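Below is one structure, written out as structure tokens, with a few remarks after it.
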Amino acid sequence: MELSRRDFLKASGAGLGGLFMLRFFNGGKAQASPIKLIPLVKKGKETATICPYDASGCGFIVMADENGKCINIEGDPDHPINRGAACAKGASLRQLSADNPWRLTKPLYRAAGASDWQEVDWDWALDNIARKIKDTRDAGFISTDESGATVNRTESLACLGGSALDNEECYLLVKMARALGLVYIEHHARI
């Protein structure tokens, strides 16, 4: 049955009129049946946390069962920054939980020129990354400039920080970058 807007308004008006008439003919004693509210039962432990995606510091509540498995993640209504709301990235926090079947748990590697990714061991991946950083640093290391002054730097590598890093992580990242001799150190918020 196709119902136009006009027909809908007519039917709604007739329905409301019928309710008022029912009350009139019953001597004003027409009452709706009481609604029974079912209390929500907590099925886990709630823990407050902060969103890891950006530097806004939005608050979230994580609920976990007795085994520590994440049941739900939602915005914290008592948090002064987001007051329970979540942006698109924050709303996807549930994807970070360990029980997400699509979450990657092992590093993937694609060799140069290859079209497929392959799972590799964490030790191999970290050793390979460290070796490539060291080789690139050594190949482009500058110990002195044109005037003979000691500079001990490399211009072959750069470091780009992100807003998901807190102050302590940024401090350690910059210390590591300076120890490697990097001079191109930047943060994405300044670009």
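Descriptive notes on the structure:
- Of residues in region 162-184 being modelled with pLDDT of 90 or more and outside any helix (DSSP H, G or I), the one farthest from S143 (Cα to Cα): Y184
- Test for S143: is it without any contact (Cβ under 8 Å) to a residue 12 or more places away in the chain and either part of a strand (DSSP E or B) or more than 22 Å from the chain's Cα centre (by Cα) (or both): yes
- Candidates D116, D123, filtered to the one that is in a helix (DSSP H, G or I) and over 18 Å from the mean Cα position of the chain (by Cα): D123
- Conditions (1) of a type outside the set (F, W, Y); (2) modelled with pLDDT of 80 or more; (3) surrounded by 13 or more Cβ atoms within 10 Å (Cβ to Cβ); (4) closer than 30 Å to I129 by Cβ: number failed by C87: (4)
- Restricting the first member to region 155-184 and to residues that are loosely packed, with under 15 Cβ neighbours inside 10 Å, and the second to residues that are in a helix (DSSP H, G or I), the beta-carbon pairs closer than 8 Å and six or more apart or on different chains are L160/H188; G162/H188; S163/H188; S163/A189.
- Residue check for V151: without any contact (Cβ under 8 Å) to a residue 24 or more places away in the chain and closer than 29 Å to Y53 by Cβ: no
Residue-by-condition table, conditions (1) surrounded by 13 or more Cβ atoms within 10 Å (Cβ to Cβ); (2) touching a Pro at 6+ places or on another chain (Cβ under 9 Å); (3) modelled with pLDDT of 85 or more; (4) under 30 Å from A125 (Cα atoms):
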| site | (1), (2), (3), (4) |
| --- | --- |
| F20 | no, no, no, no |
| N26 | no, no, no, no |
| K29 | no, no, no, no |
| I35 | no, no, no, no |
| G68 | no, no, no, yes |
| P80 | no, no, yes, no |
| Q95 | no, no, no, yes |
| P101 | no, no, no, yes |
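- Sole exception among (1) in the same structural domain as P52 (by TED's automatic domain parsing); (2) in contact with a His (Cβ under 9 Å, 6 or more places away or on another chain) for I81, by number: (2)
- Qualifying strands (runs of 3 or more DSSP E) (wholly inside region 45-112; at least 3 residues being within 14 Å of the chain's Cα centre (by Cα)): 59-64, 70-75
The values are calculated or read from the model by the stated rules, or taken from the named source; none is laboratory data. Not measured: the values here are computed from a predicted model. With ideal geometry, Cβ positions are generated from the backbone for all residues, glycine too; neighbour counts draw on all protein chains shown.
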